[in-house]
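Take a look at the structure below.
The values are calculated or read from the model by the stated rules, or taken from the named source; none is laboratory data. Since the structure is predicted, the reported quantities are computational estimates derived from the model, not experimental observations. Using ideal geometry, Cβ is built from the backbone for each residue, glycine included, and neighbour counts are taken over all protein chains shown. Surface areas here come from the heavy atoms of the whole protein model, side chains and all, with no ligands, DNA or RNA. Shrake-Rupley method; radii C 1.70, N 1.55, O 1.52, S 1.80 Å.
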Amino acid sequence: MKIRDTAISDVKVLIPQIWEDTRGFFMETFREEWFNTHIADCRFVQENYSTSYQGVLRGLHYQTKQTQGKLIHVLEGEIFDVVVDLRRQSPTFKQWVGTTLSAENKYQLWVPEGFAHGFYVLSQQASIMYKCTDYYCPHAEQTLLWNDPELNIHWPLKGEPILSEKDKKGVLLKEAVAFDR
């Protein structure tokens, strides 16, 4: 597995080695010892799977308790994945990075604790699987407004995004709960 750094040092894109022939392909998506040595020393406790349709924008979500690190990959389709640094002491506080994840490129994105996360579906449909370092805690979930002008995220939108009611009511960064650790 190769590691591609992003503009935020703790956020990493993982590029797997792929063995492919006329029968199909094989790739390793996770190896605990390698991950803990090269990316983050953590333990995953929950794995989630979701499907979304073209034009859906989910996020930007994070939890203030039971904060989650996430290892994200796309099994079908293509998304533009975005993370926002909400760690006050970080030199990249309030900054965002975005990357395209797809079933074709097979990249994975490591999102450490202390970040808001969201994605926009570029393909007809996308299926996403992600491992989490803590359990989902709905009463601690926060939503940062996806189009906050202070963030100025360059979403590759094709028309108006499809949003949940929760995502339409996200808060601006200046009103959001950030992390002090």
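For the range 107-181, give me every one of the strands (runs of 3 or more DSSP E) that falls completely inside it and has 2 or more residues that are open to solvent by 20 Å² or more (accessible area, probe 1.4 Å).
Details: elements: 108-111, 115-121, 125-132, 141-143.
Where strands (runs of 3 or more DSSP E) fall fully within the range 107-181 and carry at least 2 residues being open to solvent by 20 Å² or more (accessible area, probe 1.4 Å), they are 125-132, 141-143.
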Report, ordered by the first and then the second residue, all pairs with beta carbons closer than 7 Å, sequence separation of six or more or different chains, a first member in the range 85-114 that is without any contact (Cβ under 8 Å) to a residue 40 or more places away in the chain, and a second member that is aliphatic (A, V, I, L, M) and crowded, with 17+ Cβ neighbours inside 10 Å.
Leu101/Ile72; Leu101/Val74; Leu101/Ile79; Leu101/Leu109; Ser102/Val74; Ala103/Val74
Just need a number here: residues in the range 41-62 that are under 20 Å from Glu160 (Cβ atoms) and assigned to a loop (DSSP other than H, G, I, E, B).
2
Among Ile79, Ile72, the single one that is open to solvent by less than 100 Å² (accessible area, probe 1.4 Å), in contact with a His (Cβ under 9 Å, 6 or more places away or on another chain) and part of a strand (DSSP E or B) is Ile72
